[in-house]
Amino acid sequence: MSMPEKEMTFGEAIKEAIAEELRRDPTVFLMGEDVGKAGTVFKVLTGLYDEFGPERIIDTPIAEAGLVGLGVGAALTGMRPIVDVMFGDFITLAMDQIVNQAAKLCYMSGGQASVPITIRTTLGAGRSSAAQHSQSLHAWLAHIPGLKVVIPSTPADAKGLFKSAVRDNNPVIVYEDKMMYTLKGMVPAHDYTIPLGVADIKREGDDVTLIATSSMVHVALQAAQQLAEQNISAEVVDPRTLVPLDKKTLVESVIKTTRAVIIDEGHRGYGITGELASVVYEGAFDYIDAPIVRLGAMDVPIPFSKPLEEVTIPTAKDVVKAVQDMKIR
Amino acid sequence: MHGLAHLYIGEEAVAVGVCTALRDDDYITSTHRGHGHCVAKGGNLEAMMAEVMGRVTGHCRGKGGSMHIADMSVGILGANGIVGGGFGIATGAALSAKKRGTDQVSVCFFGDGASNQGIFFETMNFAAIWQLPVIYICENNHYGEFTATEKVTAGTCIADRATPFGIPSEQVDGSDAIAVYEATAKAVQRARKGDGPTLIECDTYRYRGHHVGDPGESYRSKEERDEWLAKDPIKRLREHMMANHLASEAELDAEVREVDSEMQQALEAAKAAPFPPIEEVSHHVYA
């Protein structure tokens, strides 16, 4: 029996998740720059202010350290704030609050304290926004014990994971690809959550595993489609959360297919693809038939000019070529 | 005792004066020099000594140490190893109190060094625009680590930094517990009424070096220290209490003996307590 679904965009799914959590729990509130009447720079939250008012949808100064810091203090003392950091690049301004405070207060206090804060921010290039508005810095935070990192790729995942993030008693950072806000998809009509730490197989296949995150899932799906036309069956696995990481699903898929390409929009150097590749090597070494290929953003600042920007980010063509080079058939 | 610790000796009047004006359910955030605040806010002494010594019976099960003592049960939201690390937390706790509709207040202890951190100005702005019940207590002990405050701090006083934000502020004699108490009590009253934040700068001095192991002598003169020792806050409070017939000399002596023995007991209990079992290294990473 299939459950009823409705179509919505990625942005609408995020907004619906936030609205439902605001209705459900009076300790939830959202604050950030231009989140009120303006509904954020991406217009993702339009309408929330009208329903919930200025006490729960709060416009703040442009002061990311203070903004996240206040969120940490509020979370520590009985509230469940959602803090909106407009661009992932601006997370750098709040790193002390996230890394030294939010991530460590539970541990440093021997479990007395908990910091149930959700930080929503963006990643992704592709808007000709240049080097300070296009970065994908999720690896930075995935590196820090005490934080959870959520990186959804579809409207349904975004909604279910976001609701889990808000209900989680730990600091959770939700990375939304700003190029995906208008992406449409089917979303369950009933109230649901998706647990953090469960990967999802977006397409089944037998010859090669494409492990992809966020918008790169769609790149991988496109590549899988093209590979199918060449009689190569690709499985697309989306970890959905980087911390906690569902290592088992990743490893089992590669044990089945014996090959893997890993695609993430962060820089390739010292990044997510390196970590995921080592997870797969450690778990599936004896089964692997070809060196794992890692595709990430080029190790250059993201340039402004369209043709330059385009070559910095992995494409379906890059994925197809990587698989073809494995000489499966 | 192993590891990093920063002594509070000489600054006692600030912690005592401020915390006496607070309720158990009010919040404080502390500095790297945090155990004075912990004692004054009513933290359990045995658990504090045990924490300083890294024992499992400590407030934080030995995971925080001197620089991260927290006792959530009496509103101690944690000492902090980052200079200025408490500004966001304290101001956020004040926002939380306001959102929950309580009349709790939140106190942020910070040093003269932290007054040059950017987040000080960010959070004062937040506190002012939202009229949050937060009190910023600057413990100006005249040295940021080994550097004299005036060498690295613009303006004539730190209290003045509140003025452009429309936040009331004052400078008090930080060796005078009564003066600190009175200034804080006024600020607490305003905060509870919904009249917003206050900044109080307390003029004070640490007798010892920056941390245990720093004699504190190479960058400060003996004359300077003697001057401050002459106005020792504990001695002054004692004289004040006797002069105003609040307590007799005998009563005060008895009190000192009692506190000494309480401290000794806490110390002995901490020494006797075990270190945390190794498996706890992986506990409490997540709530």
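Derivation of every value follows stated rules applied to the coordinates shown; laboratory data play no part. Treat the numbers as computed from the prediction; the structure is a model and nothing was measured. Cβ sites come from the backbone with ideal geometry, for glycine too, and all protein chains shown count toward neighbours.
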Which order do A:Ser233, A:Ser153 fall in if you start with the one that has the fewest other Cβ atoms within 10 Å? A:Ser233, A:Ser153
Distance between modelled label sites at A:Thr92 and B:Cys157, nm, 7 Å Cα→Cβ extension: 3.9 nm
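Quick one: net charge around B:Ala247, please, counting Lys, Arg +1 and Asp, Glu -1 for every other residue with C-beta under 9 Å from its C-beta.
Values: positive: B:Arg238; negative: B:Glu249, B:Glu251, B:Glu255.
Overall, the nearby charge balance is -2.
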Cβ-Cβ cut-off under 14 Å around A:Leu250, Lys and Arg +1, Asp and Glu -1: the net charge is -1
Gaussian network model of chain A, springs between alpha carbon atoms under 10 Å - residue of A:Ala220, A:Ala130, A:Ala212 with greatest fluctuation: A:Ala130
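Per DSSP H run of at least 4 residues, take -39500 (n - 2.57); add these up for chain A, divide by its residues and hand me the 222 nm value, nearest 500 deg cm²/dmol. Please list the in-between numbers first.
On the way: 11 runs with 109 residues, N = 329.
That comes out to -9500 deg cm²/dmol.
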Taking 0.36 nm per residue of separation between B:Asp103 and B:Ile129 and subtracting their Cα-Cα distance, the length gained on full extension comes to 7.5 nm
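Sequence gap at least 6, Cα distance under 8 Å: using those rules, report the relative contact order of the range A:1-46 to the nearest whole percent.
Computed value for the range A:1-46: 29 percent relative contact order.
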Nonlocal amide H pairs with A:Ile173, under 5 Å, H built at 1.01 Å: A:Ile119, A:Lys148, A:Val149, A:Val150
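Compute the Cα gyration tensor for chain B, then decide on rounded, prolate or oblate, letting a ≥ b ≥ c be the square roots of its eigenvalues: rounded whenever a/c is under 1.5, prolate when a/b is larger than b/c in the other cases, and oblate in all that remain. Can you show the working numbers first?
Details: a/c = 1.32, a/b = 1.10, b/c = 1.20.
It is rounded, given that a/c, with a ≥ b ≥ c, falls under 1.5.
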Give the cross-link partners of A:Lys184 among the aspartates and glutamates, using a straight C-alpha distance below 15 Å as the criterion and excluding same-chain residues fewer than 8 apart. A:Glu5, A:Glu7, A:Glu12, A:Glu16, A:Asp157, A:Glu176
For chain A, modelled as a GNM with alpha-carbon contacts under 10 angstrom, which of A:Val237, A:Val293, A:Val149 fluctuates the most? A:Val293
Between B:Leu252 and A:Glu282, how many nm apart are label points set 7 Å from Cα along the C-beta direction? 6.2 nm
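Below 14 angstrom from the Cβ of A:Tyr49, what's the summed charge of the other residues (Lys, Arg +1; Asp, Glu -1)?
Values: positive: A:Lys15, A:Lys37, A:Lys43, A:Arg56; negative: A:Glu33, A:Asp34, A:Asp50, A:Glu51, A:Glu55, A:Asp59, A:Asp84.
So the surrounding residues net to -3.
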The range A:72-203: relative contact order in percent, alpha carbon pairs under 8 Å with at least 6 residues between: 27 percent
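Specify whether the C-alpha gyration tensor of the range A:218-261 places it in the rounded, prolate or oblate class, a ≥ b ≥ c being the square roots of the eigenvalues: rounded for a/c under 1.5, otherwise prolate if a/b is larger than b/c and oblate if not.
oblate
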Amide N proximity, the range B:132-159 versus B:Glu223 label position 7 Å along Cα-to-Cβ, cut-off under 18 Å: B:148
Sequence-distant or interchain residues sharing an amide H contact under 5 Å with B:Gly10, placed H: which? B:Tyr207
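What's the exposure ranking of B:Ser73, B:Ser218, A:Ser215, going from fewest to most Cβ atoms within 10 Å? The partial results should precede the final answer.
Numbers: B:Ser73 13, B:Ser218 8, A:Ser215 27.
Result, fewest neighbours first: B:Ser218, B:Ser73, A:Ser215.
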Surpassing 25 Å at the alpha-carbon level, of the pairs A:Lys256/A:Lys321; A:Lys104/B:Lys41; A:Lys15/A:Lys306; A:Lys37/B:Lys98, are A:Lys15/A:Lys306
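Any idea what the relative contact order of chain B is, in percent, if you count C-alpha pairs under 8 Å spaced at least 6 apart? Display every interim value, and only then the final one.
Details: 565 pairs, mean separation 67.5, N = 287.
Taking the mean separation of contacting Cα pairs over the length of chain B, I get 24 percent.
Would you mind calculating the gained length between A:Val300 and A:Arg23 on full extension (0.36 nm times residue separation, minus the Cα-Cα distance), in nm to one decimal?
On the way: separation 277, 0.36 × 277 = 99.72 nm, distance 4.32 nm.
Working it through step by step, the gained length comes to 95.4 nm.
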Please report, to two decimal places, log10 I(q)/I(0) for the range B:4-57 at q = 0.21, 0.23, 0.27, 0.31 Å⁻¹ as given by the Debye formula with identical point scatterers on the Cα atoms and no solvent. -0.80, -0.93, -1.16, -1.31
Which ordering of B:Asp24, B:Asp176 is given by a fewest-first count of other beta-carbon atoms within 10 Å? B:Asp24, B:Asp176
The range B:1-102: radius of gyration and largest Cα-Cα distance (Dmax), Å: 13.2, 43
Any idea how far apart B:Val281 and B:Lys193 come out in nm if each label point goes 7 Å out from Cα toward Cβ? 5.5 nm
log10 I(q)/I(0), Debye, Cα-only the range A:118-201, no solvent, q = 0.12 Å⁻¹? -0.37
Over chain B, with a Gaussian network built from C-alpha contacts below 10 Å, which listed residue (B:His59, B:His32, B:His142) shows the highest mean-square fluctuation? B:His142
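Once you compute Rg and the Kirkwood Rh from C-alpha atoms, what is the Rg to Rh ratio for chain A? Mind showing how you got there, number by number?
Numbers: Rg = 19.5 Å, Rh = 20.1 Å.
Using Cα coordinates only, the ratio equals 0.97.
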Label-reachable residues, the range A:261-287, where backbone N falls under 11 Å from a point 7 Å from A:Lys327's Cα toward its Cβ: none
May I ask for log10 I(q)/I(0) of the range A:186-251 at q = 0.13, 0.14, 0.24, 0.25 Å⁻¹, from a Debye sum over the Cα atoms as equal point scatterers with solvent left out? -0.39, -0.45, -1.00, -1.04
Principal axes of the range A:181-329: Cα extent on each, largest first, Å: 45, 42, 33
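Which of the three applies to the range A:21-80, rounded, prolate or oblate, going by the alpha-carbon gyration tensor with a ≥ b ≥ c and a/c under 1.5 meaning rounded?
Working: a/c = 2.48, a/b = 1.16, b/c = 2.14.
Taking the square roots of the gyration eigenvalues as a ≥ b ≥ c, the range A:21-80 is oblate.
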